[in-house]
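**Student:** This structure is in structure tokens; I'll ask about it shortly.
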Amino acid sequence: MALTAICAKINAPIFSIKHPEAFQIGAALPIPQPSTLVGALAYCLGVYKGTGTKSLEEVRKAVVIARAKLLKGCTVVTPVILRRFRVLDKGLEAKTKGEVAAFEKACSALQAGDFYSFKRTIEMELMDALYREYLSHASVKCIWVLRESYESKLLYLLQRLGDTESLATVIEAWSTDCREAEADQIDTEYPFTLAPEVLERIRGDYTTLKMCDESRKLKMYYIPCKKEISSTPSGIKYFTYTTTKVEIRLKRSQRFFMVDDEKVIGGQAS
């Protein structure tokens with residue numbers, strides 16, 4: 001099977017990829033998970049071809065593996081309290097039959113000059129607050145290994161990754177050759193998932209987290225990155241992620257892909 005690959009370098013002043021087992025985005029992943037990358041490519045293809053969400057199934061069939069890594073540098077984990085106005089959804093709902101919706105109550109109070117009731121309705125009934133976790137000043141390289149060729153310029157249509165408040169800009173996109181191989185010793189900077197009976201040893205700093213694979217199945221991934229506690233000159237502590245490379249020794253050969261002279265692990269051993 002002839003394979004190809006497209007890649008993108010993405011700068012994200014702030015971005016947040018929800019941990020699959022977290023409520024809302026109380027905990028964020030350090031990198032985009034495979035299912036997020038599949039969805040991102042499907043969005044780009046849907047916009048380019050005008051097919052919308054129908055492109056998702058096409059992309060799922062075309063993608064062999066999708067991976068991302070943090071590029072060099074320090075990425076800061078930033079918790080925030082996000083306050084949201086819920087006018088367009090919660091404000092138009094009536095909890096019981098005959099009840100006046102909150103937005104309508106607020107409009108009536110404003111028209112009557114009752115600014116206290118208007119303010120109270122907006123701030124108490126139409127607003128909520130959530131704990132969110134964001135990564136800031138991140139630079140990410142994304143790789144899609146494909147069964148069929150897609151133009152890399154599609155990736156410039158990408159507007160965001162993850163949460164709706166995330167910001168992402170595609171700085172560079174390119175196509176590259178992809179070669180499939182097997183080995184029992186592999187070094188990589190990209191996340192991978194392996195069965196315990198296959199893995200013998202890992203050398204290097206890494207983090208283990210559950211992420212959704214390309215088919216949205218929840219799996220345990222090894223992510224080559226180091227999470228540390230750093231401090232400002234005034235003593236304020238904060239978490240950071242730094243990319244690393246790990247060396248893996250396997251009990252039997254495992255498939256991997258050579259993309260841009262980098263090794264990306266995926267699939268099952270033959």
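Coordinate-derived values only; no laboratory data. Keep in mind that this is a model prediction, so the values were computed, not measured. Cβ: placed from backbone, ideal geometry, glycine included. Neighbour counts: every protein chain shown.
**Student:** Over region 84-168, what per residue volume does the convex hull of the Cα atoms give, in whole Å³? Kindly include the intermediate steps, with their values, before the conclusion.
**Tutor:** Numbers: hull volume 16.8 nm³, N = 85.
Dividing the Cα hull volume of region 84-168 by its residue count gives 198 Å³.
**Student:** Using a simple charge model, +1 on the beta-carbon of Lys and Arg, -1 on the beta-carbon of Asp and Glu, nothing else, what dipole does the chain show about its Cα centre, in debye to the nearest 20?
**Tutor:** Using Cβ point charges on Lys, Arg, Asp and Glu, the chain gives about 300 debye.
**Student:** Which one, LEU218, LEU70, THR36, projects farthest toward the positive side of the charge dipole computed for the chain from Cβ point charges (K/R +1, D/E -1)?
**Tutor:** Going by the charge dipole, the pick is LEU218.
**Student:** If you stretched the chain out fully between GLU228 and LYS210, how much longer would it get, using 0.36 nm times the residue separation minus the C-alpha to C-alpha distance? Walk me through the intermediate numbers first.
**Tutor:** Details: separation 18, 0.36 × 18 = 6.48 nm, distance 1.93 nm.
Stretched fully, the GLU228-LYS210 segment lengthens by 4.6 nm.
**Student:** Return the ratio Rg/(2.2 N^0.38 Å) for region 1-92, where Rg is computed over Cα atoms only. Walk me through the numbers on the way to the answer.
**Tutor:** Details: Rg = 16.5 Å, N = 92, 2.2 N^0.38 = 12.3 Å.
Its radius of gyration relative to the 2.2 N^0.38 Å reference: 1.35.
**Student:** Using only the Cα atoms of the chain, what do you get for the radius of gyration and for Dmax, in Å?
**Tutor:** For the chain, the Cα-based Rg and Dmax read 22.4, 76 Å.
**Student:** So for region 1-158, what are the equivalent ellipsoid semi-axes in whole Å, largest first, each being the square root of 5 times an eigenvalue of the Cα gyration tensor?
**Tutor:** Semi-axis lengths for region 1-158 are 41, 21, 13 Å.
**Student:** Three principal axis extents, largest first, for the C-alpha atoms of region 199-270, in Å?
**Tutor:** Cα extents, longest axis first: 54, 27, 26 Å.
**Student:** Using alpha-carbon positions, what is the distance between the centroids of region 78-110 and region 145-215, in Å?
**Tutor:** 40
**Student:** Then there's this: Report the label-to-label distance for VAL100 and TYR116 in nanometres (one decimal), using points 7 Å from each Cα along the Cα→Cβ vector.
**Tutor:** My value for the distance between the label points is 1.7 nm.
**Student:** Neighbouring Cβ atoms within 10 Å as the yardstick, rank GLU148, GLU214 fewest first. It would help to have the intermediate numbers written out before the result.
**Tutor:** On the way: GLU148 11, GLU214 19.
The fewest-first ordering by Cβ neighbours comes to GLU148, GLU214.
**Student:** Quick one, could you list the DSSP H helices from the chain stretching 20 Å or more along their long axis (Cα atoms) with average Kyte-Doolittle hydropathy of 0.5 or above?
**Tutor:** Helices meeting the span and hydropathy rule in the chain are 34-49.
**Student:** Count charges around CYS74 for me, please; just the other residues with Cβ under 12 Å from its Cβ, Lys/Arg as +1, Asp/Glu as -1.
**Tutor:** Details: positive: LYS72, LYS226, LYS227; negative: GLU228.
Net of charged neighbours comes to +2.
**Student:** A further question follows. Express in whole angstrom the spacing between the alpha-carbon centres of region 49-74 and region 224-245.
**Tutor:** Distance between centres, Cα-based: 29 Å.
**Student:** Relative to the present Cα-Cα distance, how much length would full extension add between ASP261 and GLU197 at 0.36 nm per residue of separation?
**Tutor:** Computed gain between ASP261 and GLU197 is 20.3 nm.
**Student:** Could you give the size of the charge dipole of region 207-270 about its Cα centre, using +1 on the Cβ of each K and R and -1 on the Cβ of each D and E, expressed in debye and rounded to the nearest 20?
**Tutor:** Charge dipole, region 207-270, about its Cα centre: 400 debye, nearest 20.
**Student:** Here's a follow-up. Please give the net charge around ALA109, taking every other residue with its beta carbon less than 11 angstrom from that of ALA109, where Lys and Arg add +1 and Asp and Glu add -1.
**Tutor:** +1
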